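The values are calculated or read from the model by the stated rules, or taken from the named source; none is laboratory data. For clarity, every value in this text was computed on a predicted model and none was experimentally measured. Ideal geometry is used to build each Cβ from the backbone, glycine not excepted, and the neighbour counts take in all protein chains shown. These area figures cover heavy atoms from the full protein model, side chains too; ligands, DNA and RNA do not enter into them. Shrake-Rupley method; radii C 1.70, N 1.55, O 1.52, S 1.80 Å.
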Amino acid sequence: YDKVLKEKSKLGRFILASNDLNIDPDTILSYYKGQQEVERGFRFLKDKSFRVAEVYLKKEERIEALAMIMVLTLMIYSIAEWLIRKRMRETGETVPNQLKKQTQKPTFKWIAFLFMGVAEVTVWINGETHLKIANLNDNLVRIIRLLGKDCEKYYGLEG
């Protein structure tokens with residue numbers, strides 16, 4: 001029995017090393033575990049929907065500008081995903097995922113996909129301009145409300 005416990009205690013161990021001697025082991029472990037989010041972010045940037053493979057730039061300044069835009073896009077994506085998930089946890093709200101199962105952890109890519117058909121429509125009636133948002137459904141309205149008053153205002157849902 002003791003031998004089994006001794007062998008079991010050795011399982012699941014790995015070494016994390018750093019040249020920074022001021023970092024404690026728990027911090028190193030949290031940095032290591034946080035890498036997954038960074039990797040997922042760069043996977044998002046490499047996604048075919050970005051169409052980066054079709055962009056050919058020669059000037060170093062333009063390459064740097066594109067990289068900066070992509071990193072800023074990733075930051076906005078990450079913040080939006082974090083905010084939606086946080087508000088869903090706080091309110092108990094859910095949205096259907098790709099498999100139609102309710103989730104409180106949708107990816108922002110999925111949320112953006114849900115909004116693909118939403119459009120602003122301009123209608124002129126008797127010389128008056130009327131702006132309407134087309135194709136909003138209950139799920140999208142819930143998501144908009146989770147994002148806050150500014151987002152509600154943008155979609156004409158304030159009040």
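What to note about this one:
- Among the residues of the range 26-48, those that are modelled with pLDDT of 85 or more and open to solvent by less than 100 Å² (accessible area, probe 1.4 Å) comprise T27, I28, L29, S30.
- Residues of the range 49-67 satisfying the condition of being modelled with pLDDT under 80 and open to solvent by less than 100 Å² (accessible area, probe 1.4 Å): S49, F50, V52, A53, V55
- When we screen L66, L99, L83 for residues that are over 30 Å from I15 (Cα atoms) and under 14 Å from the mean Cα position of the chain (by Cα), the only hit is L83.
- Taking the range 115-141 as the range and being of a type in the set (V, I, T) and either under 14 Å from E152 (Cα atoms) or not in a strand (DSSP E or B) (or both) as the test, the residues that pass are V118, I133, V141.
- E81 meets the conditions (1) in contact with a strand residue (DSSP E or B) (Cβ under 8 Å, 6 or more places away or on another chain); (2) within 15 Å of I144 (Cα to Cα) in every case but one. The failed one is (1).
- Exactly one residue among R87, R145 is in contact with a Leu (Cβ under 6 Å, 6 or more places away or on another chain) and either on the phi > 0 side of the Ramachandran plot or not in a loop (DSSP other than H, G, I, E, B) (or both), and that residue is R87.
- Those residues of the range 94-108 which are open to solvent by less than 100 Å² (accessible area, probe 1.4 Å) and out of contact with any helix residue (DSSP H, G or I) (no Cβ under 6 Å at 6 or more places or on another chain), in sequence order: T94, P96, N97, T103, P106, T107
- L140 meets all of the listed conditions (1) open to solvent by 60 Å² or more (accessible area, probe 1.4 Å); (2) modelled with pLDDT of 90 or more but one, namely (1).
- Considering residues of the range 1-21 that are open to solvent by less than 100 Å² (accessible area, probe 1.4 Å) and at pLDDT below 80 only, the residue farthest from Q35 (Cα to Cα): S9
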